[in-house]
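Read the structure below first, then the notes.
The values are calculated or read from the model by the stated rules, or taken from the named source; none is laboratory data. The shown structure was predicted, so the numbers you read here are calculated from the model rather than taken from an experiment. Here the Cβ positions follow ideal geometry from the backbone for every residue, glycine too, while neighbour counts run over all protein chains shown. Side chains are part of the model used for accessible areas, which takes the heavy atoms of the whole protein and leaves out ligands, DNA and RNA. Shrake-Rupley method; radii C 1.70, N 1.55, O 1.52, S 1.80 Å.
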Amino acid sequence: MEQDISSRQIAIYIHIPFCLTPCGYCTFFRIPYSKSSLEIYLQYLHKEIDLFLQYHPDLTYAKSIYFGGGTPSLLKAEEIEDICSYFIFDKETEITLEINPLQITENYLSALKNTPINRLSIGVQSMNNEELNLLDRKHKAEQIKDKIELCRQLGFNNISLDLIYGLPGSSINKLKDNLIQFLNLRPEHISCYLLTLDSDTPLADKIKERIVSPLPDDNLLAEEYELICSELEKARYEHYEISNFCLPGKQSKHNLSYWNSLPYLGLGASASGFLPPYRYTNPFNLNDYYSNLDKGLIMPEAEHCSSKQLIADFIMMGLRLTQGIDLNELKERFNYNLEKDKHLQLDNLYQLGMIEKNGSYLSLSSKALFVSNTVIGELI
Ligand code: SF4
């Protein structure tokens with residue numbers, strides 16, 4: 001008889017920090033790939049999982065597993081399989097691999113079919129070769145259609161594509177063209193990220209040295225965001241989160257755990273986890289990550305969140321969803337009445353047309369989505 005494990009399931013994030021070549025805009029924790037360093041890393045990752053499951057056997061039940069990076073598609077299929085084998089999941093469990101387009105080959109995909117991976121998140125970023133060049137991405141736009149067809153032929157029918165907007169020298173026309181090409185590929189899910197450049201990245205240096213065009217101004221960025229929302233909605237994608245769009249029923253289950261403030265386990269260097277009331281982040285360097293595990297330490301410097309922090313996180317993350325937050329849930333989970341506590345701020349935001357109420361749900365209006373941080377800041 002199949003066991004109902006749904007009430008015990010948890011989202012699991014696994015960070016694989018290795019990359020073949022660095023991208024000039026990247027601010028993620030990543031390190032140059034070598035076969036031997038990946039092997040050592042995997043030994044420690046196994047150690048971390050062993051320790052977690054030894055102390056918290058309930059974390060075995062996976063609602064979703066997400067391999068992110070870095071470049072997790074540098075893992076061999078057997079290595080993915082080995083990691084997944086620690087966890088108990090069912091056919092509803094979403095298991096995602098972020099995959100670099102260059103690694104989409106018939107051999108690799110066939111091998112992946114022997115693992116539980118059932119969702120691919122492909123780092124396409126742009127369908128314009130000039131932009132790909134600017135981002136130091138090594139694939140070419142014209143390869144993408146065939147790569148996605150190959151994924152489909154081999155039975156991967158839950159595909160998410162990343163698009164980056166707000167690039168140096170971007171224009172409404174370039175973005176329109178990008179969106180047409182993305183939509184022609186008909187992925188189940190599209191994540192649209194605004195390029196945010198740290199000042200110490202190589203791409204930021206090139207802008208300073210005027211080797212590449214400047215970043216678009218705020219007006220153009222707002223127009224670009226509006227264009228993305230309207231074009232994807234016209235193509236019947238549901239705009240379910242500030243930066244995420246999907247065909248019906250194809251929301252990212254894994255990311256929904258973050259946005260709904262549900263627990264998640266973070267594994268690997270730099271990964272964060274939330275095991276209420278604790279939040280933790282693993283070290284951003286391998287030596288510290290390894291030395292903690294050598295000492296049998298997991299969840300280093302875990303922070304015991306106060307109920308005030310948990311409420312703020314619930315509001316901040318939940319308002320990213322276009323359905324908003326359920327004020328009744330806020331009362332039930334945290335005994336907190338937002339309408340009573342922040343009535344002045346709420347009145348003001350209603351008058352400005354920045355928030356809306358639908359039954360017990362409070363959400364950002366569409367005009368507030370692009371300035372969500374400012375609006376949410378008023379409520380926490
Ligand atoms: S592949 Fe991703 S993680 Fe690696 S350098 Fe490029 S942007 Fe950063």
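Details
- Selection status of Ser213, of a type in the set (Gly, Ala, Ser), in a loop (DSSP other than H, G, I, E, B) and either on the phi < 0 side of the Ramachandran plot or not assigned by TED's automatic domain parsing to the domain that holds Ile164 (or both): yes
- Every listed requirement among (1) away from the ligand (no atom under 16 Å from the Cβ); (2) open to solvent by less than 40 Å² (accessible area, probe 1.4 Å); (3) under 20 Å from the mean Cα position of the chain (by Cα) is met by Asn157 save one, (2).
- Residues satisfying the stated conditions in the range 346-366, i.e. within 17 Å of Phe314 (Cα to Cα) and hydrophobic (A, V, I, L, M, F, W, C): Leu346, Ile355, Leu362, Leu364
- Being of a type in the set (S, T, N, Q) and outside any helix (DSSP H, G or I) is a condition met by at least one residue of the range 56-64.
- Near pairs, Cβ below 7 angstrom, 6+ apart or cross-chain, from the range 7-33 (free of Cβ contacts under 8 Å to residues at least 12 places away in the same chain) to any residue that is within 7 Å of the ligand (Cβ to nearest atom): none
- Glu98 vs. criteria more than 26 Å from Pro214 (Cα to Cα), open to solvent by 40 Å² or more (accessible area, probe 1.4 Å) and within 16 Å of the ligand (Cβ to nearest atom): yes
- Boolean, Asp136 is assigned to a helix (DSSP H, G or I) and either out of contact with any helix residue (DSSP H, G or I) (no Cβ under 6 Å at 6 or more places or on another chain) or of a type in the set (Val, Ile, Thr) (or both): no
Residue-wise test of (1) surrounded by 16 or more Cβ atoms within 10 Å (Cβ to Cβ); (2) more than 16 Å from the ligand (Cβ to nearest atom); (3) free of Cβ contacts under 8 Å to residues at least 12 places away in the same chain; (4) not hydroxyl-bearing (Ser, Thr, Tyr).
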{"site": "Gln43", "(1), (2), (3), (4)": "no, yes, yes, yes"}
{"site": "Leu59", "(1), (2), (3), (4)": "yes, yes, no, yes"}
{"site": "Gly70", "(1), (2), (3), (4)": "yes, no, no, yes"}
{"site": "Leu74", "(1), (2), (3), (4)": "yes, no, no, yes"}
{"site": "Ile80", "(1), (2), (3), (4)": "yes, yes, no, yes"}
{"site": "Phe87", "(1), (2), (3), (4)": "yes, yes, no, yes"}
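- Lys63 vs. criteria assigned by TED's automatic domain parsing to the domain that holds Leu102, in contact (Cβ under 8 Å) with a residue 60 or more places away in the chain and farther than 19 Å from Phe284 by Cβ: yes
- Qualifying residue in the range 17-39 (condition: more than 30 Å from Pro214 (Cβ to Cβ), within 16 Å of the ligand (Cβ to nearest atom), part of a helix (DSSP H, G or I) and of a type outside the set (Lys, Arg)): yes
- Any hit, the range 303-318, residues being open to solvent by 30 Å² or more (accessible area, probe 1.4 Å), without any contact (Cβ under 8 Å) to a residue 24 or more places away in the chain and under 22 Å from Ile31 (Cβ atoms): no
- Elements of type strands (runs of 3 or more DSSP E) in the range 226-276, at least 1 residues being open to solvent by 10 Å² or more (accessible area, probe 1.4 Å) and either farther than 30 Å from Asn287 by Cβ or assigned by TED's automatic domain parsing to the domain that holds Phe156 (or both): 238-241
- Residues being of a type in the set (D, E, K, R) and away from the ligand (no atom under 12 Å from the Cβ) - total across the range 101-138: 5
- Any hit, the range 177-195, residues being assigned to a loop (DSSP other than H, G, I, E, B), closer than 14 Å to Val124 by Cβ and open to solvent by 90 Å² or more (accessible area, probe 1.4 Å): yes
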